[in-house]
Each structure stands twice: as structure tokens, then as C-alpha cells.
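Coordinate-derived values only; no laboratory data. Bear in mind that the values here come from a model prediction, so they are computed numbers and not experimental data. A quick note on method: Cβ atoms are made from the backbone with ideal geometry, for glycine too, and the neighbour counts reach across all protein chains shown.
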Amino acid sequence: MPGAAAVVERVFREEYGRLIASLVRRFGDIDIAEEAAGEALVAALERWPESGVPPNPGGWLTVTAGNRAIDRLRREQLRDAKHRAALVHEDPAPPAPRGPVEDDRLRLLFTCCHPALAPEARIALTLRLLGGLTVAETAQAFLVPETTMAQRITRAKKKIAAAKVPYRVPEAADLPERLDAVLVVLFLVFNEGYLTTGDGDPVRGDLTREAIRLTRLLRLLLPQEPEVVGLLGLLLLTEARRGARVRDEQLVPLGEQDRAGWDRALIAEGHDLVRSCLQVNRPGRYQILAAINAVHTDAPAASETDWSQVVALYDQLTRFDPSPVVALNRAVAIAELDGPTAALELVDRLPLVGYHAWHATRADLLRRLDRTTEALESYDAAIAATQNRAERAYLHAKRDEVGARRSPFRAGSAGGRIGGGRCVMAAVRKGRFTADTGSLGDDVVVFLIGMRINRPWRVRAWWPVFVAMPTMLRYLDAHPEKGLLGYEQAFLPAPLIVQYWRSFEHLARFARDRDDPHLEPWREFNRRVAASGDVGIWHETYRVSTASIETIYANMPPYGLAAATDLVPIKRGRDSAAARIGAAATDEPALPPY
Amino acid sequence: MTHYLLSVHGPAERNEFGSYGSAEEMEDAFAATGAFNDRLRSDGYWVFAGGLAPAATATVVDGQGATPLMTDGPYLETKEVIGGFWVIDAPDLDVALKLAAQGSKACRGKVEVRPFDGLA
């Protein structure tokens, strides 16, 4: 059976949440549930390729995992008190209904979103246990190292077990106060499915469908709560467009979508929900977002969108959520109403320099204003800031379209040499090269600076830190006399910039000069962020004698120190690192140079 | 059922009204705490509870060496210390958190909820 492993993986992924939730309910322990699910996956990988996929693959996985869990518990029951306790707990029958809605996944959702867990752990656990994302994918979604995410998830699971966070839907009286955390997580799960963070499937319908399914259940629990209705409306009106959203593996923006491909049934249902919210008249964030999406889905063609209505709704939303991301979306609507110049003015003021959608929006506005060079730079920045394949494909296509309007080579890039004409599509130089450190003085200063987002949840605390650096780099780029020679930057697992400075004095002067854009963000950091611990910052400075540097760039475009100076071919007798750095008198490379 | 320690944290410095602002406030808190204790007993959650003498009366003993080493004062010199605690037996964390909220309101202090790993 061709591609059987892929089928197993897809089924497993789609069934993971249901499988884990039912195992947790039966055995009362997340670890046991995850182990058993893993064993069921192995069994499926062994059997399905030969026997074919069973007619009810989810049921097969559930039965197999349940049997594996029981086998395991029997084997280990004399050894381990925890497992003994779990065996006592083993309960194959669904519990007697306590509330209006009984569903294993809804139960587990409330456990994952329990207020006794840290907010960042809630969404991570939900994506892991109900969304079936791997720890690596979850880490990627939060821009933290995989080990950090693994620890975060393990710690939360330990607390759930030790402190006995219950697996159940809270009682009616406690529901309203538990609701917000759940709504936030459901919206984030949906968003992760609608535009995945990593470079796997660009859109994951299993996640969007699961978020919708859980929101529907939540609405059965709380039929009177307008924000639940609002969230459901928002998700349905967004989901309705999912089919038209990717074409030829490329993201298609709202304005360019084939509206015949939209799901009319979902739209009708979503519009009904928005109308019922309006009648209740207790507006909230999700209801307004739903209303905005109702305006979009109401227009027979993009050109017939009632943009003044959209802007008015964003104005209202700003009162509930005055975040720069909302302001960015409002600016997109302003562009349609008042033109790209007005919108760009708003967009440029937003502190979102690390956010792919900010760059993509700027790129589009600049393109419409025929500011081609800047548009190309913004497309590059947007591409660099997203890993989603479909979004990258779309941005690349747009970028090429804009680039075709002018000469193929141009200046500007995310790293490279300061003040000089930087080459974006910097051509790969085939062969072995080294940096021309001879063009430097006796010393060069290497400065590493980075940050760590300790509480990704508290976006407003770390954004200013995140965005201060690009502002500084742009300034330094325009002022080569300040002494920054070049830089490279990386965003994963945590933002890191390597800078090459002409001298320590240049670096120190820039750091302290009242007129340079460093002192103010520094003061601001101390004043607002340092005490909270939401974000960490660090730097390391190396004053290096140029004689004790060796570099090699094989089949690379100008990069790092070579981009800051020049890329020169490696000289004869300088093939080994030891020879280049002056540690050996003879040149004896470990392998013959190519 | 799981046992939980509900520990009350408050200022290390106490005045003539304990950690309260006035005699009246102190009496109100004592009365409310007494009523809360009665409820814990009648609802079957009660295991043990007590208020502690000031942290300054504590002695730290390190018996790991040949002769025990005594140090006057609490293990950690902090501005906030444990002033008292309950040990309760509850079916799950939700129940424990609810009881902790009631206890906190009664005694007018912040309460930390921590599960026991086991009881001897």
C-alpha cells in the first residue's frame, strides 16, 4: 500500500486529541495516555501497510491504545504507586453526565486552560494534547528553544498530576470566570491551523475544525454568553474562506480570493450568529471581529466591500483591544478607504518591526505607491520573518512581480555591509573565500546582542525590546561614520544579532550618545520591562586582534565579517584554519581543498 | 482524595494586633477564621490547622554533622513568612482552590496551595 506511513501519520494527527482525551478520562493520567497513544501509533505503522487502514481508524487507535495502557499497567502495577493508582482509576465507561455537555476533549480543554497553570503553559498544553502538535512545533510557534518548551509542558503535566487538577468541565457557577482563558486558547489553536507557524503544512484543517468543534460545545454549555457566540461566528466566517485561501501552494489574500470557493453554509450560519450578538448588545472582542468578517463575507466582490463599516468596527475593537496588531489591521482597511499614503503613515508608526504581517502590509502599500525599492526590501523582511511555506510562496511571487518592474539587481538586505550598496539577491560565490580582514585596523570589535522572551504571552512587554533593535540598525545603516561595519541576525530560537564594529570606542560612544537611538530604549527598558522579568536581554563584546581571526566562506554569498569587509579568495598556503590564524607554520588541511 | 497544605503568608513584623491593623480587625479575622474552621470540619475537609508564633521565635537545626548546629531565627530572613496553615483533604485542586479562597478571605492573608506528595 503506497504511502501507508503518510496515511497513518495523517490519521494519527487528526485523531490525536480525541485519543488522548479519552485515554486521560479512562486512566486519569496524561503520561499514561501519551505513552499508550504512542504505542498505538507504532502498532498502526506496523499493521496498516499490510492489512490496510481499518474502516474506523480512530476507533482502532482508541481500542489499541486502551489495551496497551492496560497491559502496561498490569505489568507495572506492583512496581509503581502511580500506575497502581491509575489502574484503580481505570474506567472504560463514560462517566455519568454532570452538565449539559459531556465530551472528553472539552473536559481536557478545561484542564489544559486551568487558571492554576501559567498562561503560556495553557496554550502549549492545548496545542500539544488536543492539537497533536509535536513539542518541536509548539516550540516553534512560541519562538522558544525546544528544550524550554519540553520543560514547560512537562512541568505543567506534573502539576496537573501532583496537585490533581481535575479532568472535568467546571460547574455552571464557575464557568464564566474560567471562560476567557479557554476562548483565548481556542482562538490561538484556530489561528495556528489557519496559518501555521512552522514550515510544515501551511494550513491545518484538523486544527481549525477542532477549534470550531470545541467552540460549538462551549456554546452548548453557555448559550447565553455573547463572546462564545462571537468567537464561533468569527471562526465560522474565517473557516468559510479556508478552501479559497491557498491556490497552487500559494497563499491568496482576501481581496484576491475566488469568492465562489467560499463555503456559503458556514457564512450563512456565521451571519446568523453575528446578528444574534447584535441583538444581545453586549459587545466584546470576538463579537466585533466576527462582525468585521461578516462585512467581508457579505460583499459579493472584494471591490464591493463596505470599508467604512470595517474601519468603524476596528475603531470599536480598539476600545477593547488597543494593541498594535489591531491598529495594523485597521490601517489595511484605511488603505481601501483613504488610500495607501494615509495607511502607510499609520503603519510606519507601529512598533511591529519583528512581525511578518507588518512587513507584508508595508510591502503591499509601498508597491501600490510605486516605491519599488522599499517595497522589495519590505517583501524580503516579510519573507525572513515567516516560515509558513504558502505565505513565503505568495510573498516571493509578489516580490518577483515588483522586482520585474525594475533592474534585476538592487541594494538592500537584512544583513551585510553598512553604508554600502548591499546586494539582496546576493549571489552565491562558488569556491572558497575568506574575509578581507586586512582592510580592518589592528582590532575589530565583535558584539553579540540578543534577547529572550521569558513570557511570550506578555507581548506588550517584549515588543518594544524586540523592535528597538531594527530601528537602531536602520539608523546605523544610514550613518556609517558611527562605526558599525556590518551585522547578521537570526530570530530562532531567540533573536540574536552579531555586529562588527570598527572599534570599542565607536560602540561605547553609540551606546551612550544622547543623540543616537540607543540611550532612550535602554532607559525605557530599565524603567518598564527590567523589573517584570517578561523579557531578558544580553550582550557579549569581544575586542579581537585582526591577526587572530580566521574565516572561511565556501559557496556563500558575502556574509558575516566578509559582508562587513570584502570576500577574497583563499590564498595559496592558507587552506587550513591553523595556517590562516597563524597557529601553524605549514599549511596542512585535514582534507584536500576543493 | 488528596491532602493539600494551605499556608498563610503575611508580614514577618507583627504589632500588638498580630499582623492586623487594629484590635477590631484582628477580632473580625479570628471570628471569620473560626467559622471557616468549623465549616471545614463539618464538610469533612479538615485534617489539621494552626497559627504560628512569630518567625523570630524559630530556631534552625542542622543535625547532619557530628553535633547538631543551632541557629537562632527562621531559615530564610524574609519580609513575608508563613503565619499559619491548614492541612485539608480534598477531592481535587478545584475544591482546594475554592477552600483556599474562603480561608484567605477569612484570615485576610494570601494563601499558598500545595499538594502533599504523600502522608506518613
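Some notes on this structure:
- Where labels lie 7 Å past Cα in the beta-carbon direction, separation of A:Ala478 and A:Gln151 in nm: 4.1 nm
- Stretch in chain B that is longest and holds no chymotrypsin sites (Phe, Trp or Tyr not before Pro) that DSSP places in a loop and that have at most 16 other beta carbons within 10 Å: B:18-74
- Longest DSSP-loop-exposure-free segment, GluC sites (Glu not before Pro), chain A, at most 13 other Cβ within 10 Å: A:250-594
- Modelled this way, with points 7 Å down the Cα-to-C-beta line, the labels at A:Glu505 and A:Thr586 are 4.4 nm from one another.
- Kirkwood-type radius of region A:28-81, with distances r between different C-alpha atoms, in Å: 11.8 Å
- Of B:Gly51, B:Gly103, B:Gly83, the one that fluctuates the most in a GNM where chain B has Cα springs shorter than 10 Å: B:Gly51
- Per-pair calculated FRET efficiency, R0 = 25 Å: B:Lys110 and A:Glu177 via Cβ, rounded to 0.05: 0.85
- From helices alone, chain B scores -10000 deg cm²/dmol at 222 nm; the rule is -39500 (n - 2.57) for each run of n ≥ 4 DSSP H residues, then divide by the residue total.
- Segment A:Asp199-A:Asp315, extension gain: residue separation times 0.36 nm, minus the distance between their alpha carbons: 38.4 nm
- Ordering of A:394-400, A:329-335 by burial proxy (mean other Cβ atoms within 10 Å per residue, highest first): A:329-335, A:394-400
- Entry note, chain A: relative contact order of 10 percent, from Cα contacts under 8 Å with a spacing of 6+ residues.
- Which listed pairs, of A:Lys164/B:Lys110; A:Lys398/A:Lys482; A:Lys159/B:Lys105; A:Lys157/B:Lys79; A:Lys157/B:Lys105, have C-alpha distances above 23 Å, in listed order: A:Lys398/A:Lys482; A:Lys159/B:Lys105; A:Lys157/B:Lys79; A:Lys157/B:Lys105
- For A:157-163, mean number of other protein chain Cβ atoms within 10 Å: 3
- One quarter of the surface of the convex hull around the alpha-carbon atoms of region A:284-330 equals 3.0 nm², the direction-averaged projected area.
- For region A:245-276 and region A:537-570, distance of Cα centres in Å: 49 Å
- Quarter the surface of the alpha carbon convex hull of region A:493-556 and you get the mean projected area, 6.8 square nanometres.
- Of all aspartates and glutamates in the structure, the ones whose alpha carbon falls short of 19 Å from that of B:Lys98, not counting any fewer than 8 places away in one chain, are A:Glu171, A:Asp174, A:Glu177, A:Asp180, B:Asp38, B:Asp43, B:Asp89, B:Glu112.
- Here the contact order of region A:257-368, divided by its residue count and restricted to Cα pairs under 8 Å and six or more residues apart, works out to 17 percent.
- Kirkwood-based Rg to Rh ratio, region A:136-253, C-alpha trace: 1.02
- GNM result for chain B, Cα springs below 10 Å: residue of B:Val61, B:Val87, B:Val47 fluctuating most strongly: B:Val61
- Peptide B:85-93 - average C-beta neighbours from other chains (10 Å radius): 2
- A simple spin-label model places the labels of A:Arg275 and B:Ala31 5.8 nm from each other, with each point 7 Å out along Cα-to-Cβ.
- Over chain A: helical MRE at 222 nm, DSSP H runs n ≥ 4 each giving -39500 (n - 2.57), nearest 500: -17500 deg cm²/dmol
- Considering only B:Leu76, B:Leu99, B:Leu52, the mean-square fluctuation computed in a Gaussian network model of chain B, springs between alpha carbons under 10 angstrom, is largest for B:Leu76.
- Alpha carbon convex hull of chain B, projected area averaged over orientations, nm²: 8.7 nm²
- Two-decimal log10 I(q)/I(0) for the protein assembly as shown, as the Debye equation yields it once each C-alpha is a single scatterer, q = 0.05, 0.06, 0.08 Å⁻¹: -0.34, -0.50, -0.86
- Percentage relative contact order, chain B, counting C-alpha pairs under 8 Å, at least six apart: 47 percent
- Cα centroids of region A:331-370 and region B:1-15: 54 Å apart.
- Only aspartates and glutamates eight or more places from A:Lys158 in sequence, or on another chain, were considered; those with a Cα closer than 12 Å are A:Asp29, A:Asp31, B:Asp117.
- Computed over the alpha carbons of region A:124-199, Rg followed by Dmax gives 13.8, 42 Å.
- Förster radius 45 Å - calculated FRET efficiency between B:Val47 and A:Asp71, Cβ distance, rounded to 0.05: 0.75
- A:Trp538/A:Arg514 FRET efficiency (R0 22 Å; Cβ-Cβ; nearest 0.05): 0.35
- Net charge over other residues, Cβ less than 10 angstrom from the Cβ of B:Phe17 (K, R count +1; D, E count -1): -3
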